[in-house]
1. Scan (1) at pLDDT 95 or above; (2) assigned to a strand (DSSP E or B); (3) within 24 Å of residue 172 (Cβ to Cβ) for the single condition residue 28 breaks and write down its number.
2. Among the residues of the stretch 60-76, count how many are more than 15 Å from residue 156 (Cβ to Cβ), surrounded by fewer than 19 Cβ atoms within 10 Å (Cβ to Cβ), touching a residue at least 24 places away in the same chain (Cβ under 8 Å) and over 12 Å from the mean Cα position of the chain (by Cα).
3. Return only the number of the condition from (1) modelled with pLDDT under 85; (2) over 17 Å from the mean Cα position of the chain (by Cα); (3) within 29 Å of residue 178 (Cα to Cα) that residue 49 does not satisfy.
4. Looking only at the stretch 170-185, filter to residues that are assigned to a loop (DSSP other than H, G, I, E, B) and touching a strand residue (DSSP E or B) at 6+ places or on another chain (Cβ under 9 Å); which one of those is modelled with the highest pLDDT?
5. What's the total number of residues in the stretch 153-169 that are over 19 Å from residue 80 (Cα atoms), touching a strand residue (DSSP E or B) at 6+ places or on another chain (Cβ under 9 Å) and not in a helix (DSSP H, G or I)?
6. Could you tell me whether the stretch 133-141 includes any residue that is in contact with a strand residue (DSSP E or B) (Cβ under 9 Å, 6 or more places away or on another chain), outside any loop (DSSP other than H, G, I, E, B) and closer than 20 Å to residue 67 by Cα?
7. Consider only pairs whose beta carbons are under 6 Å apart and that are at least six residues apart or on different chains; among these, list those whose first residue lies in the stretch 145-161 and is on the phi > 0 side of the Ramachandran plot and whose second residue is outside any helix (DSSP H, G or I).
8. Looking at the structure I just gave you, is residue 101 buried (at least 19 other Cβ atoms within 10 Å of the Cβ) and either touching a residue at least 12 places away in the same chain (Cβ under 8 Å) or part of a loop (DSSP other than H, G, I, E, B) (or both)?
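The values are calculated or read from the model by the stated rules, or taken from the named source; none is laboratory data. Predicted model, so just to flag it, every value in this text is computed and none were measured. No Cβ is skipped: glycine too gets one built from the backbone with ideal geometry, and neighbour counts run over all protein chains shown.
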């Protein structure tokens, strides 16, 4: 369900966006969603404010369920939703625009970054946030605790010199007063809530470069 939702939104964006010669498939650093059995949801207050239940868990790191980052928590800021009815909406972080990854008990910070303004596209009862492939998260910092965690997902960011990250959000169908579709909820000032998932990615070429550098290092060690 979660994967098909993200794929559907990505396909819609791809079909409605111009194709560029240097368009690449992103390499997912991590994926996240509300914890199993929790009340993790998105909430819309009917007045332009979109917020999240912050029980958001890292599901995978570099597409592996065994990465040391799995089980950590992702903190998402609250957003202001704006836009003219029938037109693309925008998501603007309210107050603190920092996105961060912490330990499961939220006591240790592994990574921080600054989240930019993004788009919000609706498709019936679902929606996709930050659908354009671009540098959505900048000023990335891997803390000492993050470097010591032994996560391949965090290691790839360190070895690439703290790159920017693409950010994706997928909103599943919700419920609430005035919730007929995601667009209706926003345009008519309805209340709504529902599930969500997301991902942070780096471009595939950067990953290839990193793997190449790792291979060179292995050759150097063998020669020694």
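1. Answer for residue 28: the failing condition is (1).
2. 1
3. (1)
4. Here is the first cut: in the stretch 170-185, the residues assigned to a loop (DSSP other than H, G, I, E, B) are 176-181.
Filter once more, keeping what is touching a strand residue (DSSP E or B) at 6+ places or on another chain (Cβ under 9 Å): 176-179, 181.
On the way: 176: 85, 177: 82, 178: 74, 179: 84, 181: 91.
Ranking the candidates gives 181 first.
5. Within the stretch 153-169, the subset over 19 Å from residue 80 (Cα atoms) is 153-166.
From the residues that got through so far, the ones that are touching a strand residue (DSSP E or B) at 6+ places or on another chain (Cβ under 9 Å) too are 153-158, 160, 162-166.
Going one step further and asking which of them are not in a helix (DSSP H, G or I), we end up with 160, 162-166.
Residues that pass the stated criteria total 6.
6. As a first pass, look at the stretch 133-141 and keep what is in contact with a strand residue (DSSP E or B) (Cβ under 9 Å, 6 or more places away or on another chain): 133-141.
Checking the rest, the ones that are also outside any loop (DSSP other than H, G, I, E, B) come to 137-141.
Checking the rest, the ones that are also closer than 20 Å to residue 67 by Cα come to 140-141.
Yes; the residues of the stretch 133-141 include at least one that is in contact with a strand residue (DSSP E or B) (Cβ under 9 Å, 6 or more places away or on another chain), outside any loop (DSSP other than H, G, I, E, B) and closer than 20 Å to residue 67 by Cα.
7. Final answer for the pair search is 150/68.
8. Yes: the conditions hold for residue 101.
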